[in-house]
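Down below is the structure, laid out as structure tokens.
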Amino acid sequence: MLRRLLATTAVADRAMRREIAGIESLTCAAEGGRRSLAVSVCAANLDSMAPPVKAETLRGMIAETLAEWKSYELPALCEHLGLAPGTEDEAFASKFRYVMARLRPLSLPQLVAVAQRFLDEHDDAKLEQALVCLGAGGVDGEFKNLIFAAVGPKPEIVLRSAINNDLQIVRNADNCLVYSRSLKAEGLTWRDLTSWWRSTVPELHDADEVRVSQHLYRRLKASMESPPEHLLFDVYCSFYPQPGGDDLPALIPQVYLHYDLALRPPPSRPGPLRRQRMDFLLLLPHRNRVVIEVDGVQHYSRLAADAPPPDSPGYFEMDPQIRRPDTRKYSEMVSEDRNLRLEGYEVYRFGGGELTAPGGKRVLADFFGRLFARHNIAFSRSA
């Protein structure tokens, strides 16, 4: 009986290795650079979109990657990645089976988390490409600058050096905030942002955490105008004071330019940059980036010829009555959504009326809870 079981396991292992070898033969484009994804790799995965198949494929690729380590190193490495402990003797018998035994109980999101933890510290082009094909690779490119929360006239930004990716705000620089610290693997958390804010504002250098957070909250909220945006921002910010809230991704409002290699213009066209304005941006762990948009009528309509100026009293209340449908604006909006998604961003849109209607706060709280679960962000909000 034992001999039959061992033979069955060996057959399964050989089948898994053949499947991985087939995938690896299609991912030879990795030699051209990290994330230079071969179209044939993704095409090959179209027939295995069901979660169980994808999970088993990723499970085998992780096992193959970790099995390249020495037997005496493997138990400590697996524990470091959050896998069950074991002995060197067990790993010496078969490194591949040692890892597979610890990966088999894991779901697809858990497997992705293990792979991403490994890639945070080690380079492996084939494993990284596997995550991209599974839609778990995040946004490619090096984080450079975050320009956001402008009040008053919008900043004018130019690319001074296409070689060094140097930006310069040539007009209205005092009206916006610029975050240029290095981005950690955990993304940009509220703790990171308040630490930066303390160092930026001299009067806050000796202030306690509560005062710094409140000061930053007021500054960020000042950059928003519409009531639905205020509501979304307030619901999210209500998580920060709760246990673990400081380590949640910071919700960045009014991002005029999130400049990285994925969005930069070609080096042959330096100069004024195309605006990539986002209502809200979350920089999550493992390069996952989430764009949240709150749509009012201005997203799919234009002002009528006899419309009053935007600073007129009661403008927001009269806005729907002074607009006309504009299919061109709507087409531009959905086109930009597609571009962002193809760059690896997640894009979520709310209608302004959806948020201001009864139950809008509950809609937002449920959305953020599901978003945290999707990205394995540990947080339990208070009732």
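A few remarks follow.
- Ranking of Met278, Met333 by count of other Cβ atoms within 10 Å, fewest first: Met333, Met278
- Over 31 Å (Cα to Cα) - which of Lys154/Lys184; Lys70/Lys126; Lys54/Lys184; Lys54/Lys361; Lys54/Lys329 fall in this group: Lys54/Lys361; Lys54/Lys329
- Residue by residue, the stretch 340-352 carries 3J(HN,Hα) couplings of 5, 5, 5, 7, x, 7, 9, 10, 10, 10, 10, x, x Hz when phi is fed to the Karplus relation 6.51 cos²θ - 1.76 cosθ + 1.60 (θ = phi - 60°); x denotes Gly or Pro.
- The length gained on full extension between His230 and Asp247, counted as 0.36 nm times the residue separation minus their Cα-Cα distance, comes to 3.9 nm.
- Potential extension, Glu156-Asp337 segment - 0.36 nm per residue separation minus Cα distance: 62.9 nm
- Placed amide H near Thr189: partners under 5 Å, 5+ positions off or other chain: Ala250
Any read-out appearing in this document is the output of simple, stated calculations on the displayed coordinates, not a laboratory observation. Computed from a predicted model, the values in this text were never measured in an experiment. Counting neighbours? That spans all protein chains shown, and the Cβs are built from the backbone with ideal geometry, glycine included.
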